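The values are calculated or read from the model by the stated rules, or taken from the named source; none is laboratory data. Values in this document were obtained by computation on a predicted structure and should not be read as measured data. Here Cβ is always computed from backbone atoms with ideal geometry, including for glycine, and neighbour counts include all displayed protein chains.
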Amino acid sequence: MKRVVFASLATVVVGLGAITVAVPGNAATEPQQVTGQIIVKFRDNGAALGLLRQQGLSEGAGIGSTGAHLIKVPAGKESQLIESLSRNPAVEYAEPDALVTAAADEPDPDYFPRQYALQNEGQSFTDTNNTLTVAAGKADADVDAVEAWGVTTGDGIRVAVLDTGVASDNADISPKVVARANFSTAVTGEDNYGHGTHVAGIIAATKDTTGVSGVCPGCSILDGKVINDSGSGSTSAIVNGINWAVENGAKVINMSLGQRTPSQALEAAVNDAWNKGVVIVAAAGNAGTPDQFYPAAYPNVIAVAATDNSDAKASFSTYGNWVDVAAPGVNVYSTFPKHPFVIGSSSGRSMGYDIASGTSMASPVVAGVAGLVWSTPAGTANTSVRASVESTADKIDGTGTNWVHGRVNACKAVAGVCDQP
C-alpha cells in the first residue's frame, strides 16, 4: 500500500463531498457520494420546509457558515431529488454530499537524518519490506527548514489539520494538539487510520533526542477529524471542519484530501475562511494527470504537488497550471500512531514513525512553511503570507508547467540566511 495515496485508501470517501483525499489511481472505481443525504441551499429559507415536505423530506442541519443544509433522503433517490430541487426557483443549489479521501500514495530511534524534506545532505531513503536503503540524492531538494528555524519556529501559530485525527499516544505530536473535534462518522476522535497523525507530524512534530521534527516545530495543531476510521469522509464533514477551524483561531488550514468534483458548499466554506484571514493549503491529488482536484483547485487555496529527493515531480502527483507550488512528498518520514492503525496493518508501516508518500505529505510541508511565515514581519495578513510562500519558491524543473511558482523554500519565505542558492 505504499501508494496509499489516501486515494486508494479507499473511500475515504472522503467523499468528503467528493474529496478524494488524495487518493490513488483506483479511486475512479470508488463511490462518488454519500448515500442517503444531499446538500441544499435555499434562496428563501421561509419556503424551505414546505418545499421539502412536498418531496417527502424534512429540514436538515446547517453546514458550517455556508447557509446550506444537509438533507436526509431515501437511498438511491439522491440524483433524482437533486435534479428536482435544482429546478425550483427557491433553491440556490442542490448537490451530492461527495465522498472524500486522503491523499497519500506510498510508503524510537532518531529519524531526523532521514528527513530529506527538511535538510537534504545528498541522501535518499527507500523502504522495502521494512528494510531501509540509503542512496545518493540531490543535495538541495529540501525546503531549507533548518535554516528557517534560525529566524522562527512558528511559536503560537495554530494550524488546523482536517484529516483522520491525530493520535493521542505519540509524544512527538499529541502534546501539540490544543483542540480536538470529531465531524466524522467514527465513534471517537482517535486516529485509527494513521493518515492524520502522519500529516500533523510533518507540520509540527517536536523532536528532542528521538523521533522526527515538523517544518514548523513551534506551531500548535487543531485536530479536526473529518475522515472516519475506514478512510472515508464527506463534503459536509469537511465544511463543518473548516468552520470549526476558523472559529478556533486557525491561521492555516491543511487539507490532505480531496474530491474529483467541485462543490459549491465546499467552495463557500473555503472562501469564508479566506475572507476571515486564514491561509488554506490542500493536496493537488495523486492521479498523475492534470485533472483538477477539490478543494485544491479553488482560487483561495494553495494547491500543492509532490516532488522527490531529486527535485523531480513525483510520478503519482497531479500537476498543471492550476497547481500553485510543489513540496517533497516521496518517502517522507513522520509520526504514526503507537497503536494499530489501518494503513499500517495494510501496508506494513511501523507504529510510531515511518514513511509515506503522496501529495498528502507535500501539502503539510507547505502548511508548515505558511505557519513559519505567519510569525515573521510578513505575517500581517493571509495575502502577504501566501505571497511570501509562493514568490520565494525555488524555480526547479517543471515550474511553469507542472506548477506555477516552484518548490517551496522555508528559509527564503521567512527572509532567513540561506546556505543554498
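Given the options I280, I355, name the one that is within 25 Å of S213 (Cβ to Cβ), within 15 Å of the chain's Cα centre (by Cα) and either aliphatic (A, V, I, L, M) or not assigned by TED's automatic domain parsing to the domain that holds P217 (or both). Break it down into steps so the answer makes sense when it comes.
On the way: I355 fails: within 15 Å of the chain's Cα centre (by Cα).
Residue meeting the stated conditions: I280.
Going residue by residue through the stretch 336-343, is there one that turns out to be surrounded by 24 or more Cβ atoms within 10 Å (Cβ to Cβ) and in contact with a Cys (Cβ under 6 Å, 6 or more places away or on another chain)? No - not one qualifying residue is present in the stretch 336-343.
Taking (1) buried (at least 24 other Cβ atoms within 10 Å of the Cβ); (2) in contact with a Pro (Cβ under 8 Å, 6 or more places away or on another chain); (3) among the aliphatic types (A, V, I, L, M); (4) not in a strand (DSSP E or B) in turn, A297 satisfies each apart from (1). Considering the stretch 304-421, the qualifying helices (runs of 4 or more DSSP H), each wholly inside and each with 3 or more residues that are of a type in the set (G, A, S), run over 359-374, 382-391. A306 fulfils the conditions (1) modelled with pLDDT of 95 or more; (2) under 27 Å from P96 (Cβ atoms) except for a single criterion, (2). Given the criteria surrounded by fewer than 24 Cβ atoms within 10 Å (Cβ to Cβ) and closer than 24 Å to G154 by Cα, does T380 qualify? Yes: the conditions hold for T380. Within the stretch 274-287, the residues that satisfy the criterion of being surrounded by fewer than 17 Cβ atoms within 10 Å (Cβ to Cβ) and in a loop (DSSP other than H, G, I, E, B) are K276, G277. The C-beta contact set for the stretch 221-245 (first residue among the acidic types (D, E), second residue surrounded by fewer than 24 Cβ atoms within 10 Å (Cβ to Cβ) and not in a loop (DSSP other than H, G, I, E, B), distance under 8 angstrom, 6+ apart or interchain) comprises D223/V177; D223/A179; D223/R180; D223/A181; D229/V342. Of the residues making up the stretch 368-421, those that are in contact with an Asp or Glu (Cβ under 6 Å, 6 or more places away or on another chain) and within 18 Å of I202 (Cβ to Cβ) are R407, N409, A410, C411. Considered as a group, the residues in the stretch 146-169 that are acidic (D, E) and outside any loop (DSSP other than H, G, I, E, B) include one that is surrounded by the fewest Cβ atoms within 10 Å (Cβ to Cβ), and that residue is E147. Taken over the stretch 44-66, the criterion of being surrounded by 14 or more Cβ atoms within 10 Å (Cβ to Cβ) and within 21 Å of T235 (Cβ to Cβ) is satisfied by A48, L52, Q55, L57, E59, G60, G62, I63, G64, S65, T66.
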